[in-house]
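This report concerns only the one structure given below.
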2 protein chains.
Amino acid sequence: MILVLAGGVGAARFLKGLVQVAPPADIVTVVNTGDDTELHGLSISPDIDTVTYTLADAIDPTRGWGLRDETWRAMEALARFEDVRPKHSHAAPRWFNLGDQDLATHFYRTARLREGATLAEVTDEIRRAFEVTVQILPMSNDVVRTHVHLEKETVTFQEYFVKLKHNVAVTGVDFEGATTASFIDLSLIENAARIIIAPSNPIVSIGPMRALAGIDNALSQVRDKVVAISPIVAGTALKGPADRMLVELGHEPTVVGVARLYKEICGTLVIDQQDAHLASDVEKTGMRCVVTDTIMSRPGVSMALAQCALDAVDIQGGK
Amino acid sequence: MILVLAGGVGAARFLKGLVQVAPPADIVTVVNTGDDTELHGLSISPDIDTVTYTLADAIDPTRGWGLRDETWRAMEALARFEDVRPKHSHAAPRWFNLGDQDLATHFYRTARLREGATLAEVTDEIRRAFEVTVQILPMSNDVVRTHVHLEKETVTFQEYFVKLKHNVAVTGVDFEGATTASFIDLSLIENAARIIIAPSNPIVSIGPMRALAGIDNALSQVRDKVVAISPIVAGTALKGPADRMLVELGHEPTVVGVARLYKEICGTLVIDQQDAHLASDVEKTGMRCVVTDTIMSRPGVSMALAQCALDAVDIQGGK
């Protein structure tokens, strides 16, 4: 069994490559839920949906999120409420786009959670509805919410990421509920033949999982079978705010900075060709370093990257 | 001020005529909320929306409910969850159609209620969003839910009306929450120059209001200024199950049966030409009876009917 710790878009693209080189039925992915949110009364799990839709080939390939052939009639119709909404109300938000077809997923999730189903059960039902073979698990059945501290206020992750377009300075992050929430299944870490930390934001995608009790310790016990793919290439994040967030929170926005964040829980870091000159610096942190093409602009790259990650742990296992 | 006690489609069509013959700013309508429901986590108020959309000329004229030029992408996308839904789950219901644009209204209502707004506040905001001048009020800010007792089970009103297409025998109805809920504003009854009970189902549209403390007593105090329009014409309901429901619950499915239900709270009953031969029987119940054309198949009829209802109370006031 191959365990993949996943955020959203980057992880989804990586998984799409992985299913080309490993049997989908052998893959389990545990997905960040720290950026889950509730809007319009609906329970929304953006990273889980991105992973599910991508693996189902249902994702919109241009946006990288949401369903293809989508329409936006409900969102458009929300506009009429903007002028009647009281000043301090947050109702009818239009900064978080929900496509008409996508809404059905949130309707189903919301209704099932209200019926008492766990998020893992609902996630699995949605996975099956989209005919995805890879097992998709939320990082926890408990509610964990990533809060982003800005200079003058604290906002939810989605407010930071979508509403503010991550174009603001971050002074800290915290994961509400993480101290009492349980990781979905610590035995997965013990039982996996290989564990891959997808090219996701180390702070706000992988960070929420690591905030759960026991997971860092469990990973450190099996560090040799854990491989991470750097989401930072040549000092910048391919997508999202990982680079500036690393700087703002006192880390180095390079593969070396990523290595320092992961070295306790992960034996190998896969970095991009463009960062080959930093490989020895990565190894100085105590991690093995593998250099390959990590920019998943084409499906072929995702596949080769996935194979590289698998091979990296095979080498590891052979040591 | 003219006060109109309203259910859904019939009341909405009547109000559409009334605004042609009386200043919309002088009209207040109190709408049934006993058939409100919650689906997909959304708070849905079907009668309020039908009244609002109709007065806004936004209603679909063929269906009589929902918005015109509507699409159904979210509903269609729910289909994929039918096969993965556990047997005892009610998630992803497709029997209650919600159009994509209509969803925005439910999103707004749900979000505002969650923020602590009252249903009256939200209803008024939605009314203003649709640029309706008539004041629209829910019958109560408290939750009242109409339950329909069938031979072997009890269902919600919407399950009876939409899912079962009101094609089942009713053994009783009750209004959960009605004993503790408050009518929205009893002073409206005292202050209104005229009160019109719209051509709505006496049992499940007007019945939920009458189940609230004080309203029957308040209406009976001003009985002479109250006029009802019979929803029954020639022994049948023009829309919905009022006729068979009257029979099943032991009432006569005629204008005389309607008169017996209203005679304590209402001085005048407006009946259709087709029932002219029953006018004297209606008057035997103690109500005045006015005969006119009540089948609102054309806007002109709604207008004339509204004028007739106003005149009926004027005569009354002049007595």
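All of the numbers you see were taken from the coordinates with simple rules; none came from a lab. Note that the structure is predicted; figures quoted are calculated from it, not measured. FYI the Cβ positions are ideal-geometry reconstructions off the backbone, even for glycines, and counts take in every protein chain you see.
Considering chain A as a Gaussian network with a 10 Å cut-off on Cα pairs, which listed residue, A:ASP272, A:ASP47, A:ASP100, attains the greatest mean-square fluctuation?
Between A:ASP272, A:ASP47, A:ASP100, it is A:ASP100 that shows the largest mean-square fluctuation.
Defining a contact as two alpha carbons under 8 Å apart and six or more residues distant in sequence, what relative contact order in percent does chain B show?
Reported as a whole number, the value is 20 percent.
Ranking B:HIS166, A:HIS40, A:HIS277 by Cβ neighbours within 10 Å, fewest first, what do you get?
On the way: B:HIS166 18, A:HIS40 27, A:HIS277 8.
Ranked by crowding around the Cβ, least crowded first: A:HIS277, B:HIS166, A:HIS40.
For the protein assembly as shown, what proportion of DSSP beta bridges, expressed in % and rounded to the nearest 5, is antiparallel?
40
For chain A, build the convex hull from the C-alpha positions and give me its volume per residue in Å³.
127
Between the DSSP loop rule and a limit of at most 15 other Cβ atoms within 10 Å, which chymotrypsin sites (Phe, Trp or Tyr not before Pro) in the stretch B:53-139 are left?
B:TRP95
Quick one: what Rg and Dmax do you get for the stretch A:210-283 from the alpha carbons, in Å?
In order Rg, Dmax, the Cα atoms of the stretch A:210-283 give 12.5, 36 Å.
On full extension of the chain, what length is gained from B:GLN221 through B:LEU186, given 0.36 nm per residue of separation minus the C-alpha to C-alpha distance?
11.4 nm
Quote the Stokes-Einstein diffusion coefficient, in whole µm² s⁻¹, for the protein assembly as shown, based on the Kirkwood radius over alpha carbon pairs, a temperature of 20 °C and a viscosity of 1.002 mPa s.
After rounding, the answer is 78 µm²/s.
Under the definition of partner shielding as Cβ atoms of other protein chains within 10 Å of a residue Cβ, what is the mean value for peptide B:35-45? Write down the numbers at each step before the final one.
Numbers: counts 0, 0, 0, 3, 3, 12, 12, 6, 1, 0, 0.
Partner-chain Cβ atoms within 10 Å, mean over residues of B:35-45: 3.
Tell me, what is the percent relative contact order of the stretch B:161-289, built from C-alpha pairs under 8 Å that lie six or more residues apart?
24
How many angstrom lie between the C-alpha centres of the stretch A:39-72 and the stretch A:99-129?
Cα centres, the stretch A:39-72 to the stretch A:99-129: 13 Å.
Quick one, could you list the DSSP H helices from chain B stretching 24 Å or more along their long axis (Cα atoms) with average Kyte-Doolittle hydropathy of 0.5 or above?
Helices passing the filter in chain B: B:299-318.
What is the fewest-to-most order of B:ARG128, A:ARG145 by other Cβ atoms lying within 10 Å of their Cβ?
Listing B:ARG128, A:ARG145 from fewest to most nearby Cβ atoms yields B:ARG128, A:ARG145.
What average count of beta carbons from other chains do you get within 10 Å of the Cβ of residues in B:67-74?
Shielding by partners across B:67-74 averages 5.
Counting other Cβ atoms within 10 Å, keep those with at most 15, restrict to DSSP loop, and tell me which GluC sites (Glu not before Pro) in the stretch A:215-319 are left.
Here the GluC sites (Glu not before Pro) that fit, given the DSSP loop and packing criteria, are A:GLU264.
Near A:THR29, within a Cβ-to-Cβ distance under 14 Å, what is the net charge of the other residues, with Lys and Arg +1 and Asp and Glu -1?
Spelling it out: positives minus negatives among the neighbours equals -1.
Counting Lys +1, Arg +1, Asp -1, Glu -1, what net charge surrounds B:GLN158 among other residues with beta carbon under 14 Å of its beta carbon?
-3
Across the residues of A:111-124, average count of Cβ atoms on other protein chains within 10 Å?
Partner Cβ neighbours, averaged per residue: 3.
Kindly provide log₁₀ I(q)/I(0) values, in the same order as q = 0.25 Å⁻¹, from the Debye equation applied to equal alpha-carbon scatterers of the stretch B:255-311.
-0.96
Inter-copy label distances at B:PRO24, 7 Å along the Cα→beta-carbon direction, one decimal in nm, shortest first?
Taking the point 7 Å beyond Cα along Cα→Cβ, the inter-copy spacings are 5.4 nm.
How far, in nm to one decimal, is A:LEU150 from itself in the other copies if the label point is set 7 angstrom along Cα toward Cβ? Shortest first, please.
So the label point of A:LEU150 gives 5.2 nm to the other copies.
Between A:HIS88 and B:GLN307, what is the spin-label point distance in nm, taking each point 7 Å from the Cα along the Cα→C-beta axis?
4.9
Calculate the spin-label point distance for A:ALA79 paired with B:LYS239, positioning each point 7 Å from the Cα along the beta-carbon direction, and give it in nanometres.
So the two model labels end up 2.9 nm from each other.
Between A:LEU212, A:LEU67, A:LEU42, find the one with the highest GNM mean-square fluctuation for chain A; connect C-alpha pairs within less than 10 Å.
A:LEU42
Could you work out the local net charge near B:ILE48, counting Lys and Arg as +1, Asp and Glu as -1, over the other residues with Cβ closer than 11 Å to its Cβ?
Details: positive: B:ARG109, B:ARG127; negative: B:ASP35, B:ASP36, B:ASP47, B:ASP49, B:ASP124.
Charge balance near B:ILE48 sits at -3.
Pairs to check: B:LYS165/B:LYS225; B:LYS163/B:LYS284; A:LYS165/A:LYS263; A:LYS16/A:LYS152; A:LYS163/B:LYS16; B:LYS16/B:LYS152. Give those whose C-alpha atoms are more than 32 Å from each other in this structure.
The pairs that break the limit, which is 32 Å between Cα atoms, are B:LYS165/B:LYS225; B:LYS163/B:LYS284; A:LYS16/A:LYS152; A:LYS163/B:LYS16; B:LYS16/B:LYS152.
Sorted from fewest to most neighbouring beta carbons within 10 Å, what does the list B:MET209, A:MET75 look like? Don't skip to the answer; put the middle values down first.
Numbers: B:MET209 27, A:MET75 22.
The fewest-first ordering by Cβ neighbours comes to A:MET75, B:MET209.
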